[in-house]
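Visitor: I have a structure I would like to understand better, so I am pasting it below and will then ask my questions one at a time.
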Amino acid sequence: MLIPPEALIDGCMRTLLEAVLPDVGSRFARGQLYAVADVLQNLRDRIEPKRAPLEEEARSAGEALARVAAVLGEAGRADLAAAVRDAAAAAPEAPPAERAEALERAVVEAFAQISALPAERAEPARRALAAHLAQQALREVALLKASLLTEISKG
């Protein structure tokens, strides 16, 4: 699940202004902190998530949902298969963030749909969804930059 950039920036702003600022003693350092906060505040509403990860997320979710619908159909549950297909089809084509979000909601719903099947019949659908979620986690980790924890721990 991708966290909206606005939420990340809001959290950074709160941390800087509520937790860091009270402990900054020098006037120069306080000015620098306010300058960073000002940049973040102005950047917040100008950031647009990259399309490629969102498009890959939507593609992966769509494939998993198609597999779930097939498994449900093979199990004789055309009604549940149709519900999964309909949820996937209802996802808007654009913007990419809204499409990926809608398909992720459909993935959650697909888990509910396959719960109506006996465990052995539901297993292929669960595997398809699990593979999507595993790839989602890997995609998100791949976007992370090298950690600054060493520098952070030195203070």
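Visitor: What's the total number of residues in segment 126-141 that are buried (at least 19 other Cβ atoms within 10 Å of the Cβ) and modelled with pLDDT of 95 or more? Before the answer, list the steps.
Guide: Restricting attention to segment 126-141, the residues satisfying the condition of being buried (at least 19 other Cβ atoms within 10 Å of the Cβ) are 128-129, 132, 136.
Adding the requirement that they be modelled with pLDDT of 95 or more leaves 128-129, 132.
Of the residues in that region, 3 qualify.
Visitor: Same structure again: Please tell me if residue 58 is farther than 19 Å from residue 129 by Cα, touching a residue at least 12 places away in the same chain (Cβ under 8 Å) and either touching a Phe, Trp or Tyr at 6+ places or on another chain (Cβ under 8 Å) or assigned by TED's automatic domain parsing to the domain that holds residue 131 (or both). Full working, then the answer.
Guide: On the way: farther than 19 Å from residue 129 by Cα: no; touching a residue at least 12 places away in the same chain (Cβ under 8 Å): yes; either touching a Phe, Trp or Tyr at 6+ places or on another chain (Cβ under 8 Å) or assigned by TED's automatic domain parsing to the domain that holds residue 131 (or both): yes.
Spelling it out, it is not the case that residue 58 is farther than 19 Å from residue 129 by Cα, touching a residue at least 12 places away in the same chain (Cβ under 8 Å) and either touching a Phe, Trp or Tyr at 6+ places or on another chain (Cβ under 8 Å) or assigned by TED's automatic domain parsing to the domain that holds residue 131 (or both).
Visitor: For residue 119, are the conditions met, namely being loosely packed, with under 15 Cβ neighbours inside 10 Å, small (Gly, Ala, Ser), in contact with a helix residue (DSSP H, G or I) (Cβ under 8 Å, 6 or more places away or on another chain) and assigned by TED's automatic domain parsing to the domain that holds residue 56?
Guide: Numbers: loosely packed, with under 15 Cβ neighbours inside 10 Å: yes; small (Gly, Ala, Ser): yes; in contact with a helix residue (DSSP H, G or I) (Cβ under 8 Å, 6 or more places away or on another chain): no; assigned by TED's automatic domain parsing to the domain that holds residue 56: yes.
Considered against the rule, which asks whether it is loosely packed, with under 15 Cβ neighbours inside 10 Å, small (Gly, Ala, Ser), in contact with a helix residue (DSSP H, G or I) (Cβ under 8 Å, 6 or more places away or on another chain) and assigned by TED's automatic domain parsing to the domain that holds residue 56, residue 119 comes out as no.
Visitor: On to the next question. Between 108, 68, which is closer than 26 Å to residue 141 by Cα and crowded, with 19+ Cβ neighbours inside 10 Å?
Guide: Working: 108 fails: crowded, with 19+ Cβ neighbours inside 10 Å.
Just a single option satisfies the conditions, and that option is 68.
Visitor: If you don't mind, another one. In segment 128-155, what residues are acidic (Asp, Glu) and under 15 Å from the mean Cα position of the chain (by Cα)? Steps first, answer last, please.
Guide: Residues of segment 128-155 acidic (Asp, Glu): 140, 151.
If the condition is that a residue be acidic (Asp, Glu) and under 15 Å from the mean Cα position of the chain (by Cα), then 140 is the only one that fits.
Visitor: Still on this structure: When the residues of segment 90-103 are filtered to those that are at pLDDT 95 or above and surrounded by fewer than 19 Cβ atoms within 10 Å (Cβ to Cβ), which remaining residue is farthest from residue 127 (Cα to Cα)?
Guide: Once the filter is applied, the top-ranked residue is 92.
Visitor: Of all residues being among the acidic types (Asp, Glu) and farther than 16 Å from residue 62 by Cα in segment 97-123, which is farthest from the chain's Cα centre (by Cα)? Just the residue, please.
Guide: Step one: of segment 97-123, the residues among the acidic types (Asp, Glu) are 98, 101, 104, 109, 120, 123.
Then drop every residue that is not farther than 16 Å from residue 62 by Cα, which leaves 120, 123.
Working: 120: 29, 123: 24 Å.
Selected residue: 120.
Visitor: To continue, here is another question. Check off (1) surrounded by fewer than 14 Cβ atoms within 10 Å (Cβ to Cβ); (2) closer than 23 Å to residue 141 by Cβ for residue 61 and give me the number that stays unchecked.
Guide: Here residue 61 meets the rest and fails (1).
Visitor: Right, next: Only one of (1) within 24 Å of residue 55 (Cα to Cα); (2) surrounded by fewer than 13 Cβ atoms within 10 Å (Cβ to Cβ); (3) touching a Leu at 6+ places or on another chain (Cβ under 9 Å) is not met by residue 79, so which one is it?
Guide: That leaves (1) as the condition not met.
Visitor: Residues of segment 15-47 being within 30 Å of residue 99 (Cβ to Cβ), of a type in the set (D, E, K, R) and without any contact (Cβ under 8 Å) to a residue 12 or more places away in the chain, which ones? I'd like the intermediate steps shown before the answer.
Guide: So the first thing to find is which residues in segment 15-47 are within 30 Å of residue 99 (Cβ to Cβ), and the list is 40-47.
Okay, now just the ones that are also of a type in the set (D, E, K, R), so 44-46.
The answer is 46, and nothing else.
The values are calculated or read from the model by the stated rules, or taken from the named source; none is laboratory data. None of the values given here were measured: they were computed from a predicted structure. Here the Cβ is made from the backbone with ideal geometry for all residues, glycine too, and neighbour counts use every protein chain on show.
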